[in-house]
Amino acid sequence: MAFAWKAAGLTYNRYLAVAARVVRRSLKEDKRIAAERRGEMELRFAKWENGKQGENRSLAKANEASVAEHSSS
Amino acid sequence: MLSRAARPVFKAGTAAAAARPVAIGATNAANYATLREIEGRLKSIRNIEKITKTMKIVASTKLTRAQRAMNESRNYGQTSQEVYEQAETKPLEGENKKLIIVCSSDKGLCGGIHSGLSRKIRALLQQNANFDLVILGEKCKAQLVRSSPKSIVLSFAGIGKDVPTFADASAIADQVSLLPTEYSSVQVLYNKFINATSYEPTFIDAFSEDAITQSPNFAAYEIEDETLPNLREYSLANSLYWALAEGHACEQSARRNAMENASSNASDMIGKFQILYNRTRQAVITGELVEIITGAAASADA
C-alpha cells in the first residue's frame with residue numbers, strides 16, 4: 001500500500017478534510033476564524049430502504065464512525 | 001409559512017374585486033359592513049407586501065455572494081472535468097445501475113426551480129427506471145417521495161442555509177462512495193444558471209473507475225492504479241461542489257424574482273383595494289347626505 005491514510009481506512013476526501021483542517025488551524029487568529037467558517041458542515045442524512053426513510057443522523061458523526069470502523073478492521 | 005397564510009387572503013381579495021360592482025350597487029347597510037372588511041384586507045395585504053419586499057432584499061444581498069461562490073466553484077468543477085475531456089471519457093453503458101444525485105435545497109418560496117429538477121427525474125424514470133437516487137435537500141425529497149420512493153437510497157438535509165462549502169461536498173461524496181451498490185456511472189443533476197431569470201436542469205458526469213480506464217485517450221496520462229480511486233472520489237466532490245454552488249445561486253436568484261413578483265402583485269392589489277375603499281366610502285357619505293336632506297325637506301314641509 002502506497003498510502004498510509006488509505007491503510008488507516010480514510011477516503012481521499014476525508015484525508016483532504018483532515019489536511020485542510022490542520023492548515024486552517026495553523027493560520028493566524030484573525031484569518032483563522034474566517035477560514036474555519038469555510039470548513040463547517042452541518043448536514044444531516046438518512047438512509048432509505050424500500051421506500052422508507054431511515055433515521056436522520058448527523059453526517060459528520062457518521063463519517064467519523066465509518067472511519068473508526070474501517071480502521072479497526 | 002407566508003405562502004400558506006397569504007393564499008386565503010389573496011383568494012378573498014380577488015373574489016372581492018370581482019364582486020365590486022355588486023358591492024357598490026348594494027344597500028347602505030351592506031356598505032357599512034364591506035367598508036370595514038375592505039380596510040382589514042388592505043391592512044393584511046400591506047403587511048404581506050412588506051414581508052415579501054424584505055425577503056426580496058435579503059435574497060438580493062445573498063445573491064451577490066452566491067454568484068461569486070458560483071463563479072469560483074465553476075472553475076473548480078470545469079478544471080476537474082478537463083481531464084476527462086482530454087481523455088475522452090464516456091460513461092459506460094453497462095448493465096449496472098446508474099446513480100443520480102439531485103441537488104436541491106431545504107427552502108422553498110423560490111418559484112419552480114425544485115419542481116424543475118423533480119420533473120426531469122420523473123421524465124427519466126418513465127423512460128428507464130434502472131437508477132437510484134441520492135437527494136440533497138428537503139424540497140426535492142418531498143416531491144420525489146410521492147412518485148418514486150423505492151429509488152431513493154440516501155437523502156441529505158441542512159443544505160441551502162448558507163453558501164455551500166467544499167466540506168459539505170466532500171462529506172456528501174464520502175457518504176455516496178460508501179454506498180454498497182456498484183454503479184456504472186454517477187450523475188449530478190443541478191440547476192444550470194443561464195441568466196438571472198432562466199435555469200435549466202443539467203447533468204454533470206462523475207465517472208466510475210472502469211469508465212476512466214476504458215476511455216480512448218487514457219494512455220496520454222500516467223496514472224497508477226492506486227491513485228485512480230482517489231481521482232474518482234475527488235472529482236465527485238468537485239462536481240458536487242460545483243453543482244451545489246450553482247444550484248444555490250439559482251435558488252437565490254429565483255427567490256429574488258419570486259419575491260419581486262409577489263411584491264408587485266401585492267401593490268397592484270393594494271391599488272385596486274384603495275380605489276374600492278374610497279368609492280365605497282364616498283357612496284356611504286352620499287347615501288347619508290341624501291337621507292339627511294330628504295329628512296330635512298320632509299320636516300320643513302310639515
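Only one of B:Val284, B:Val290 is at negative phi, touching a residue at least 60 places away in the same chain (Cβ under 8 Å) and not polar (S, T, N, Q). Can you tell me which?
The match here is B:Val284.
For the stretch A:5-28, state whether one or more residues are within 8 Å of another protein chain (Cβ to nearest Cβ), farther than 18 Å from B:Asp174 by Cβ and either modelled with pLDDT under 85 or under 11 Å from the mean Cα position of the chain (by Cα) (or both).
Within the stretch A:5-28, not a single residue is within 8 Å of another protein chain (Cβ to nearest Cβ), farther than 18 Å from B:Asp174 by Cβ and either modelled with pLDDT under 85 or under 11 Å from the mean Cα position of the chain (by Cα) (or both).
Within the stretch B:70-103, restricting attention to residues that are open to solvent by 10 Å² or more (accessible area, probe 1.4 Å) and small (Gly, Ala, Ser), which residue is nearest to B:Gln252 (Cα to Cα)?
Only one residue fits best here, namely B:Ser80.
Condition first: open to solvent by 80 Å² or more (accessible area, probe 1.4 Å) and touching a Phe, Trp or Tyr at 6+ places or on another chain (Cβ under 6 Å). Can you find one or more residues in the stretch A:43-51 that meet it?
No, there is no match, as no residue in the stretch A:43-51 is open to solvent by 80 Å² or more (accessible area, probe 1.4 Å) and touching a Phe, Trp or Tyr at 6+ places or on another chain (Cβ under 6 Å).
Looking at the stretch B:154-171, which of its residues are assigned to a helix (DSSP H, G or I) and either more than 7 Å from chain A (Cβ to nearest Cβ) or surrounded by fewer than 22 Cβ atoms within 10 Å (Cβ to Cβ) (or both)?
Result: B:Phe166, B:Ala169.
Give the residues of the stretch B:173-204 that are open to solvent by 30 Å² or more (accessible area, probe 1.4 Å) and within 14 Å of chain A (Cβ to nearest Cβ), sorted by residue number.
If the condition is that a residue be open to solvent by 30 Å² or more (accessible area, probe 1.4 Å) and within 14 Å of chain A (Cβ to nearest Cβ), then B:Ser177, B:Leu178, B:Pro180, B:Thr181 are the ones that fit.
Restricting to helices (runs of 4 or more DSSP H) lying wholly in chain A: which have 2 or more residues that are closer than 21 Å to B:Leu178 by Cα?
Once the helices (runs of 4 or more DSSP H) in chain A are filtered for at least 2 residues that are closer than 21 Å to B:Leu178 by Cα, what remains is A:4-7, A:12-25, A:59-72.
What about B:Ser151, is it out of contact with any Gly (no Cβ under 7 Å at 6 or more places or on another chain), over 30 Å from A:Val18 (Cβ atoms) and either touching a residue at least 24 places away in the same chain (Cβ under 8 Å) or within 13 Å of chain A (Cβ to nearest Cβ) (or both)?
For B:Ser151, the condition - out of contact with any Gly (no Cβ under 7 Å at 6 or more places or on another chain), over 30 Å from A:Val18 (Cβ atoms) and either touching a residue at least 24 places away in the same chain (Cβ under 8 Å) or within 13 Å of chain A (Cβ to nearest Cβ) (or both) - is met.
Could you please find all residues in the stretch B:217-240 being of a type outside the set (S, T, N, Q), within 11 Å of another protein chain (Cβ to nearest Cβ) and in a helix (DSSP H, G or I)?
Matches in the stretch B:217-240: B:Leu228, B:Pro229, B:Leu231, B:Arg232, B:Glu233, B:Tyr234, B:Leu236, B:Ala237, B:Leu240.
Evaluate the following for A:Glu42: is it among the acidic types (Asp, Glu) and either touching a residue at least 60 places away in the same chain (Cβ under 8 Å) or at the interface with chain B (Cβ under 8 Å from one of its Cβ atoms) (or both)?
yes
The values are calculated or read from the model by the stated rules, or taken from the named source; none is laboratory data. Bear in mind that the values here come from a model prediction, so they are computed numbers and not experimental data. Every residue, glycine among them, receives a Cβ derived from its backbone with ideal geometry; neighbour counts consider all protein chains shown. Accessible surface areas use protein heavy atoms only, side chains included; no ligands, DNA or RNA. Shrake-Rupley method; radii C 1.70, N 1.55, O 1.52, S 1.80 Å.
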